[in-house]
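Report on the following structure.
The values are calculated or read from the model by the stated rules, or taken from the named source; none is laboratory data. Just so we're clear, the structure is a prediction, and the values are computed from it rather than from any experiment. Don't worry about glycine lacking a Cβ; one is built from the backbone with ideal geometry, like all the others, and counts go over all protein chains shown.
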Amino acid sequence: MDTINDFEFKQRKYMPVFPKANGKTTVYIEGYPCEDDEPMSATDFHGEQIAGLYEQFKRYFAINQQVYIGIDSFIYYHEGDITKCVAPDIHIVFGVAKYPLRRSFYTWAEGAAPVAVFEFLSDATARQDRTEKVGVYLNDIGVQEYFIHQPELKKPAEFRGWRRGISGEIIEMTPDPQGGLFSEALNLYFRWEEQHHTHVRLLRPYLPDGTPITTPLEEHHLREAAQARTEEEIQLRQAAQARTEEEIQLRQAAQARTEEETQRRQDAEKLAATEAQRRQDAEAELKKLRTQLANLQRQ
C-alpha cells in the first residue's frame, strides 16, 4: 500500500468539520504584551516534545486553512484586562484563518476560543497545570479539551485530559488500557511512547483508526523509502524486461538454427534425390548400351 497517499486519503476522511468563526483575524492589539522574556520550553525534553507535536499538527491540519495552531504564545480572553492571559505550550483554534501568524491570540477579536490546549509539565508549573489551569481553560476561556503530559522519561508518567460536558461541567477523561486518550474535539487519539535515546516520553497523535501522524523527519524517511521501493521496482522491471528480451533473442537464435538445420536437411535430401536419379539414369543408359551391344553381336 502507498503509505503517503493512504495517509492523505485518511487525512481528508477524519478531518473535523466546524463552522467559521464570526470574528476578524487579528495579528496584534496595541497595549497587550506579546512577550515575557521567558524561554519557549522549560527543558530540552519539553522542547523536543513541543516542537515534535507542533510539526505533527501542522502536517495534519495543513489541508485546512481554517485551523490556527499556536505555540507558546499568549491567549488574551477578556477584552480590556491584560491579566486575563495564558500562554499554553500548544493550542489549536478551529474556524479562524491559519495565516497570517499572530503575535498573540485575542478570543473576542477572532470570535473563537481554542478547541484544545496542551501543557507539558515542568517543576515550576506542574501544580498549576493540574489544578488552576483546568478551570481557567475550560470555564473561563471556553476551551473544549485540555491535556497535560510529562515528557521527561525519568519522571513518573502522567498524561491526563479534561473536557467540558454537555451541561458545561468539567469531566476528566478516562484513559484506555494503554494509557491513551481520545480527543473528540480534534478527532485524534493520543498515546505516549518512550524514546530512550533522547530520554523523552513523547506524546504522539494518531488518526482514529490507529494510523500515526508522522513527524517531518519520519515523513522524509517514508518518502525516501517509497522512492527507493519505486527505483527497486523499476530496476526489477528493467531486469525482467532484459531477461525477456534475452529469452526472445535466444528463441530467435534457436529458431534460426532450426530453420538452418531444416534447410540443410532439405538440401541434403535434394542432393541425395539428384544423385539417386543420376544413378538410375546411368543404370538405364548402361542397360540400353548392353542391349544394343548384344544385338550387334547376334547380327
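Looking across the range 83-120, the residues that are under 16 Å from C34 (Cβ atoms) and of a type in the set (A, V, I, L, M) come down to V86, A87, L101, A109. Of everything listed in (1) of a type in the set (V, I, T); (2) part of a loop (DSSP other than H, G, I, E, B); (3) in contact with a helix residue (DSSP H, G or I) (Cβ under 7 Å, 6 or more places away or on another chain), the single unmet condition for I69 is (2).
For the range 43-56, taking the residues that are of a type in the set (A, V, I, L, M, F, W, C) and buried (at least 20 other Cβ atoms within 10 Å of the Cβ), the one that is modelled with the lowest pLDDT is identified as F45. Enumerate the pairs (first residue in the range 96-123 and closer than 30 Å to T43 by Cβ; second residue anywhere and crowded, with 22+ Cβ neighbours inside 10 Å and of a type in the set (K, R)) with beta-carbon separation below 9 Å, excluding pairs fewer than 6 apart on the same chain, so at least 6 apart or on different chains. Short answer, once both residue conditions are applied: V117/K133; E119/K133. Within the range 140-184, the set of residues being of a type in the set (V, I, T) and modelled with pLDDT of 95 or more comprises I141, V143, I148, I170, I171, T174.
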